[in-house]
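The values are calculated or read from the model by the stated rules, or taken from the named source; none is laboratory data. Just so it is clear, the structure is predicted and the values come from calculations on it, not from any experiment. Note: ideal-geometry Cβ built from the backbone for every residue, glycine included; neighbour counts use all protein chains shown. Just so you know, the surface numbers come from the protein's heavy atoms only, side chains and all, with ligands and any DNA or RNA stripped out. Shrake-Rupley method; radii C 1.70, N 1.55, O 1.52, S 1.80 Å.
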Amino acid sequence: REVAVAMRSGKYRALKYVTLMVGANDVCSGETAEGTPSGVMRDSIKAALAMLAAVPQQEPVRVLVSGIPNVPTVAGFRNQGILLGLTCGKLWARVGVCDGMLGWRNEAELLHRVDVVRGRNNVIKQAVADAALENPNLKLHYTERIFNQTYVTTDMAVDCFHPNENSQRRIAEELWEEQVWFPPAEQA
C-alpha cells in the first residue's frame, strides 16, 4: 500500500523492481494450529500484488516474492545463552515469539512444522501464479531460496529470532542474485 501511494505522489518516475518477503508472520500467527488460514494468506498476497499492478506506468513491475524461511529450525538456538542465564528459548517464552513453530519437542514435531512451512510456501507460490494470470502488467518470480538457507546464532538479532543487520544484508544479496530481470552484478 505504501509503495502504491508513494508512486502516485509524483515523486518517482517508475517502479522497476519490488521484493516481497511474506508469510513468516502468518506461520507464527496463533489464528489456527498452523497459523493464518491458507485462504486468508492467498487472498492477502493477491491483493498486495493487485495494488502493485494498479500503479500506472509504462513498463511492467518486476516482483520477486520470497517464500517463508525455515522458521522451525531456528528453535535449534533455544538453549543458546544470551545473558545471565537467559536462553533464547526462555526469551521466546517470555515474549511469545512464534511458539507454534518454535515449540517443538522432538524430531517428529519438528518435521511436521517444517512441512507446515512448506505447505504455506506452496500457498504463496500458487498465489503468485494466480496473480501473474490476473495482472499481466506484473512480471512475477517466486523463490524458496531463503527457506533453503541455513542460519547460525551469529545471524540472529538479540531476540534470537529475526536476522541481524549482517544477515539481512546477506538475505538481500541472495535475493538479488535470485531475481531474473537484471544482471546479478548490477547494483540494486
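Selection of region 25-41 for residues being closer than 11 Å to R120 by Cα, open to solvent by less than 60 Å² (accessible area, probe 1.4 Å) and in contact (Cβ under 8 Å) with a residue 40 or more places away in the chain yields D26, V27, G35, S38, M41.
Can you report the number of residues in region 2-21 which are touching a strand residue (DSSP E or B) at 6+ places or on another chain (Cβ under 7 Å) and open to solvent by 50 Å² or more (accessible area, probe 1.4 Å)?
The number of residues fulfilling the criteria is 5.
Here's the yes/no breakdown for (1) surrounded by fewer than 17 Cβ atoms within 10 Å (Cβ to Cβ); (2) touching a residue at least 60 places away in the same chain (Cβ under 8 Å):
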| site | (1), (2) |
| --- | --- |
| G23 | no, yes |
| V55 | no, no |
| E59 | yes, no |
| V63 | no, yes |
| A75 | no, no |
| G81 | yes, no |
| L84 | yes, no |
| W92 | no, yes |
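With a requirement of 3 or more residues that are over 14 Å from the mean Cα position of the chain (by Cα), the strands (runs of 3 or more DSSP E) lying completely within region 14-105 that satisfy it span 81-83.
Criterion first (farther than 30 Å from L52 by Cα, in contact with a Phe, Trp or Tyr (Cβ under 8 Å, 6 or more places away or on another chain) and of a type in the set (S, T, Y)) does T153 satisfy it?
Taking the combined requirement at face value, the residue satisfies it.
So in region 145-162, with the set limited to residues that are in contact with a strand residue (DSSP E or B) (Cβ under 8 Å, 6 or more places away or on another chain) and in a loop (DSSP other than H, G, I, E, B), which one is modelled with the lowest pLDDT? By that ranking, first place goes to Y151.
Number of residues in region 123-155 that are surrounded by fewer than 19 Cβ atoms within 10 Å (Cβ to Cβ), within 14 Å of R42 (Cα to Cα) and touching a helix residue (DSSP H, G or I) at 6+ places or on another chain (Cβ under 9 Å): the value is 4.
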